[in-house]
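A short write-up of the structure that comes next.
The values are calculated or read from the model by the stated rules, or taken from the named source; none is laboratory data. The shown structure was predicted, so the numbers you read here are calculated from the model rather than taken from an experiment. Neighbour counts are summed over all protein chains in view; Cβ atoms, including those assigned to glycine, are modelled from backbone coordinates with ideal geometry.
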Amino acid sequence: MNLTRRNLLALLGASPAFAQGVATRGIKAQPRGKPSGIPFDARFTDIAQSAGLTKPVIYGGVERKNYIIETIGCGCAFFDYDNDGWLDALILGGTRVSDVPEGATNRLYRNNRDGTFTEVTKEAGLLRTGWASGVCIGDYNNDGFEDVFITYWGQNVLYRNHGDGTFTDVTEKAGLKGNRTRWGSGCTWLDYNRDGYLDLFVSNYLEFDFARAQKPGENINCTYKEIPVNCGPRGLPPGTHSLYRNNRDGTFTDVSSDAGISKVKGTYGMTVVAADFDEDGWPDIYVACDSTNSLLFMNNRDGTFREEGVERGAALSDDGVEQAGMGLGIGDYNLDGHLDIFKTHFTEDTNVLYRNDGKGGFEDVTLSSGLGVETRFTGWGAGIVDLDNDGHPDLFIATGSVYPELEAKLPNAPFKTPRVIFRNLGNGHFEELIETAGSGIGAPHASRGCAFGDFDNDGDLDVLIVNLNEPPSLLRNDLTGGNHWLKVKLVGTKSNRSAIGARVTARYGGKQQTQEVLSQSSFYSTNDRRLHFGLGPATTADLHVYWPSGAAQTFAGLGVSQSIVIQEGVDKVIRAAWPRPS
Amino acid sequence: MTALLLLISLASAADSPDLLTSGRSAMERGEYAEAERLFREQIGKTPHSAEALGNLGAVLARENKLDEAIAAYKSALTADPKLDAIYLNMGIAYFRAGRFEQAIDPLEHYLKFHPDEIRARQLHAIAFVENAQYEQGIAELDRLNREKPDQPAILFALASAHIRAGDEERGKQLLEQLGGGNYPPGPVHLLQGMLFYRSKLYDAAERELEEALRLDPKSAPALAALGRLRLRVNDDPAAIDYLQRALAIQPQDAESNYQLGVLLSRNNQEERGREYLERALEQRTHYPDPMYFLAKIELKENHPAEAVNYLEKAALLAPHQENITFLLARAYKQAGQEERARKELAEFRRLQAERLKRDQAAISPDAPLDPTQPIAGRER
């Protein structure tokens with residue numbers, strides 16, 4: 001029995017498998033090596049229930065999902081909406097196709113500063129039912145309070161933060177109301193023209209219309225392993241992406257065409273990250289794309305962008321195959337001072353780690369770094385984050401299937417799957433940890449977005465996770481060991497107030513690590529915008545700060561295990577007012 | 001095929017009739033070693049004797065020493081290029097060695113002078129099919145089938161060729177003809193299994209193939225097909241086992257060698273994998289798939305020049321294959337040939353855009369790629 005060559009390559013994992021709607025390469029996992037035996041001091045416990053995060057994230061059908069819109073899910077945010085120094089939690093939500101259940105809304109929880117939260121959605125003016133996707137946080141009007149942009153299937157929404165605990169929907173007033181239904185997915189604030197005001201980039205996933213949507217099994221893009229499932233993304237018209245320039249008066253102008261964004265077609269855009277990948281001082285935009293090329297828009301420094309994902313090695317797998325790009329972790333995993341990209345994918349494919357050469361050229365180091373050992377789970381939220389403060393950023397992945405109907409027919413295709421940690425061994429290699437990192441890691445859920453931040457201000461990174469049709473998880477990091485850390489909040493003055501795009505290189509114990517303030521990463525989510533550096537045993541650290549305005553500042557010999565605030569142009573750091581809890 | 005193996009009898013003045021006659025007699029008695037000895041003795045006396053060399057080739061082929069037989073045939077043809085029968089013998093030897101691509105030329109040469117030789121035509125056609133040149137193979141088998149409609153072997157080969165070429169409908173028709181005749185049931189189940197596979201009816205395919213294997217436990221095609229079925233569901237250990245069993249019976253199957261090579265490579269047995277990939281390439285020199293995977297291994301081992309070598313050949317054979325183009329760009333880049341890498345990536349972009357357009361049009365002809373048009377405005 002012979003097959004056509006293309007199909008044969010597909011079977012053997014060299015080409016996308018086309019008999020389904022989503023890209024996966026049918027990759028076999030690499031064999032696992034022996035455990036390193038090196039202790040990992042972080043332990044994660046899900047305390048959502050006791051912390052008051054008890055309401056489920058309603059999102060599509062529970063037992064089956066007939067439409068792709070029910071499957072993708074949404075993100076969340078750790079941000080300090082009331083500027084009290086304690087992270088609050090915004091958790092997006094969806095609805096159902098057949099009816100709108102009570103409680104189908106996004107939810108804002110205020111941090112009570114004692115390990116618990118109080119829901120303030122209604123008081124804050126954030127009640128809203130719909131198919132929410134992504135969130136990005138940024139102070140677009142530079143008034144000192146973080147504003148919220150949420151993408152939707154239907155109409156995206158901009159909420160202005162008044163600073164008194166309330167928000168107002170200013171979408172129309174800001175000129176962001178569309179004239180047709182689109183599926184907004186990822187979004188990020190960025191100051192692409194470096195005028196000190198945050199502009200807005202929005203990715204769009206695909207064109208979806210209930211009236212025209214096909215049913216499970218109706219074509220080859222509506223099957224998975226020959227089982228009928230919801231259709232897509234393949235077979236559905238892809239979205240185009242949008243850039244809105246901030247007019248500095250509370251309104252925005254759609255410059256997608258002039259900036260060269262909307263001419264890039266044919267991709268299913270998901271999570272967006274704006275960061276200066278080529279280190280030329282101008283923010284670039286990376287879009288993780290599902291089952292199509294991921295995009296890298298390089299900033300031409302004149303208000304336009306050129307898309308160079310393929311040319312720069314960050315669009316595809318190392319054999320040129322589209323992958324199901326969902327979530328993004330951005331960080332300096334190998335401590336070379338450059339921002340690398342970690343992207344999550346569908347089951348039976350590896351996630352990918354792209355190493356940045358410092359000029360915005362990327363090399364796929366997935367296999368050489370040991371990440372090829374895991375192909376069982378569909379990955380969503382992601383981070384390059386130092387979970388054990390040893391000075392080497394680790395990888396975190398929130399996972400979950402998109403097909404609840406499969407597990408009855410395929411025992412190896414559970415809908416709920418565990419979280420995954422790849423701890424950084426510091427030699428370019430990672431080691432997978434699931435069961436040994438605490439009960440919150442091994443617990444199975446159908447997770448989507450996640451946000452990283454220190455909600456209890458105890459000097460380690462916790463994780464907030466969206467679970468479909470379940471309450472969220474709040475993984476408290478109970479870190480032991482004596483590693484030090486430094487948490488840095490940046491406040492722009494000439495640059496945008498949120499300091500989005502500011503870049504910090506920390507030097508500690510003979511190492512250096514770079515981080516950048518991001519508006520969105522993980523999966524459709526926003527992390528604590530205070531940069532968290534694990535320092536290992538180092539007892540001092542130097543910081544070099546590069547502001548979006550072009551200004552640079554250096555701070556030497558900083559004490560460790562403290563939170564500091566750095567204001568642009570002010571040479572003295574401020575020890576943060578928020579205390580560690582007793 | 002042995003019935004077609006022709007012994008040469010063209011004794012020249014320099015040949016010793018005794019040695020040649022004795023050798024042929026020994027061969028007819030099945031005493032191949034003795035025959036070989038006698039022919040070699042003759043060649044020692046008359047090194048350029050086409051008859052002795054040709055007969056040596058024939059006995060070596062009987063002894064399954066196919067490479068040596070081919071070498072002897074070549075020497076015979078150098079001595080006397082007019083010996084048509086040697087071309088046929090050489091074609092058969094190549095065929096039996098699984099070197100179908102090389103079998104085509106000598107068979108073609110023979111058929112120029114013997115155009116009505118049915119079995120040579122059949123071999124010639126099957127060599128095309130085995131070399132994935134389906135159009136030529138099917139055309140010849142079609143002609144043969146029309147001329148000899150009562151020969152199930154030809155019908156079987158034709159049905160198999162259609163299925164392999166992707167024309168399931170025609171394959172099915174021919175299979176029905178076969179089923180109605182007295183053809184052995186094993187191969188019929190094999191073909192039926194192949195048809196089901198093509199139709200994505202994998203469970204049914206497995207049943208038919210298992211039945212074919214039950215009826216003939218040494219059916220290499222059934223074993224190979226079952227291996228591919230296991231491969232489809234990523235059951236690598238079973239796929240490897242089936243393919244190894246298939247190759248133990250029929251080591252010349254280029255595609256099974258290729259698949260086993262990739263399977264072993266991806267299961268961390270790269271050195272063994274490489275051997276099978278190289279074997280596949282020896283058997284079918286114009287086979288881009290093993291070239292691609294060998295290039296991947298070379299790149300991984302930081303041998304970009306070797307990878308470029310494989311990939312440039314593969315790209316010539318399969319110029320529209322995105323994966324090859326992309327990997328070639330990577331290889332050029334790794335080899336420091338930036339400008340070539342850029343050009344190749346541009347070509348990759350072009351191929352990818354064309355494919356996306358085709359895929360989209362095939363699935364949703366009413367949904368243009370440009371979604372900036374309001375959905376309501378689109379005609380259904």
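The table for this structure:
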{"quantity": "Filter result for B:Ile104 (within 14 Å of another protein chain (Cβ to nearest Cβ), among the aliphatic types (A, V, I, L, M), assigned to a helix (DSSP H, G or I) and touching a residue at least 24 places away in the same chain (Cβ under 8 Å))", "calculated": "no"}
{"quantity": "Residues satisfying the stated conditions in region A:320-330, i.e. crowded, with 24+ Cβ neighbours inside 10 Å and within 14 Å of another protein chain (Cβ to nearest Cβ)", "calculated": "A:Gly320, A:Glu322, A:Gln323"}
{"quantity": "Check on B:Ala159, within 14 Å of chain A (Cβ to nearest Cβ), in contact with a Leu (Cβ under 6 Å, 6 or more places away or on another chain) and more than 21 Å from B:Ala97 (Cβ to Cβ)", "calculated": "yes"}
{"quantity": "Hey, B:Met27 without any contact (Cβ under 8 Å) to a residue 40 or more places away in the chain and under 20 Å from the mean Cα position of the chain (by Cα) or not", "calculated": "no"}
{"quantity": "Answer from B:Ala76, B:Ala127, B:Ala120, B:Ala132 - the residue that is more than 26 Å from B:Pro149 (Cβ to Cβ), away from chain A (no Cβ under 14 Å) and touching a residue at least 12 places away in the same chain (Cβ under 8 Å)", "calculated": "B:Ala76"}
{"quantity": "Failed item in (1) over 25 Å from A:Gly61 (Cα atoms); (2) among the basic types (Lys, Arg); (3) part of a loop (DSSP other than H, G, I, E, B); (4) in contact with a strand residue (DSSP E or B) (Cβ under 9 Å, 6 or more places away or on another chain), with A:Arg128 passing the rest", "calculated": "(1)"}
{"quantity": "Those residues of region B:162-177 which are over 17 Å from B:Ala220 (Cβ atoms) and either in a helix (DSSP H, G or I) or free of Cβ contacts under 8 Å to residues at least 24 places away in the same chain (or both), in sequence order", "calculated": "B:His162, B:Asp167, B:Glu168, B:Glu169, B:Arg170, B:Gly171, B:Lys172, B:Gln173, B:Leu174, B:Leu175, B:Glu176, B:Gln177"}
{"quantity": "Which numbered condition A:Phe297 misses (of (1) touching a strand residue (DSSP E or B) at 6+ places or on another chain (Cβ under 9 Å); (2) of a type outside the set (A, V, I, L, M); (3) surrounded by fewer than 21 Cβ atoms within 10 Å (Cβ to Cβ))", "calculated": "(3)"}
{"quantity": "Top-ranked residue of region A:83-104 - restricted to ones that are among the β-branched types (Val, Ile, Thr) and surrounded by fewer than 23 Cβ atoms within 10 Å (Cβ to Cβ), ranked as modelled with the lowest pLDDT", "calculated": "A:Val100"}
{"quantity": "Qualifying residues in region A:109-125 (those that are touching a Pro at 6+ places or on another chain (Cβ under 8 Å) and surrounded by 14 or more Cβ atoms within 10 Å (Cβ to Cβ)) - the one farthest from A:Asp164 (Cα to Cα)", "calculated": "A:Gly115"}
{"quantity": "Among the residues listed as A:Ile38, A:Ile58, A:Ile68, the single one being in contact with a Gly (Cβ under 7 Å, 6 or more places away or on another chain), more than 30 Å from A:Asn161 (Cα to Cα) and touching a residue at least 40 places away in the same chain (Cβ under 8 Å)", "calculated": "A:Ile68"}
{"quantity": "Residue within region A:401-411 that is under 21 Å from the mean Cα position of the chain (by Cα) and either assigned to a strand (DSSP E or B) or at pLDDT 95 or above (or both) present", "calculated": "yes"}
{"quantity": "Residue in region B:311-326 that is facing another protein chain (nearest Cβ under 8 Å), among the small types (Gly, Ala, Ser) and over 17 Å from B:Leu277 (Cα atoms) present", "calculated": "yes"}
{"quantity": "Unique residue being facing chain A (nearest Cβ under 10 Å), outside any loop (DSSP other than H, G, I, E, B) and either at pLDDT 95 or above or closer than 18 Å to A:Pro238 by Cα (or both) when the list is B:Leu356, B:Leu299", "calculated": "B:Leu356"}
{"quantity": "Residue within region A:183-198 that is over 17 Å from A:Gly138 (Cβ atoms), in a strand (DSSP E or B), more than 11 Å from every other protein chain (Cβ to nearest Cβ) and not basic (Lys, Arg) present", "calculated": "yes"}
{"quantity": "Yes/no for A:Ala23 being touching a strand residue (DSSP E or B) at 6+ places or on another chain (Cβ under 9 Å), within 14 Å of another protein chain (Cβ to nearest Cβ) and either at pLDDT 95 or above or assigned to a loop (DSSP other than H, G, I, E, B) (or both)", "calculated": "yes"}
{"quantity": "Residues that are modelled with pLDDT of 95 or more and over 30 Å from A:Asp388 (Cβ atoms), drawn from region A:26-62", "calculated": "A:Lys55, A:Pro56, A:Ile58, A:Tyr59, A:Gly60, A:Gly61, A:Val62"}
{"quantity": "Per-region count, region A:534-561, residues assigned to a strand (DSSP E or B) and either in contact (Cβ under 8 Å) with a residue 12 or more places away in the chain or crowded, with 19+ Cβ neighbours inside 10 Å (or both)", "calculated": "17"}
{"quantity": "Exclusive hit being farther than 16 Å from A:Phe362 by Cβ, under 20 Å from the mean Cα position of the chain (by Cα), surrounded by 20 or more Cβ atoms within 10 Å (Cβ to Cβ) and of a type in the set (S, T, N, Q), set A:Ser242, A:Ser317", "calculated": "A:Ser242"}
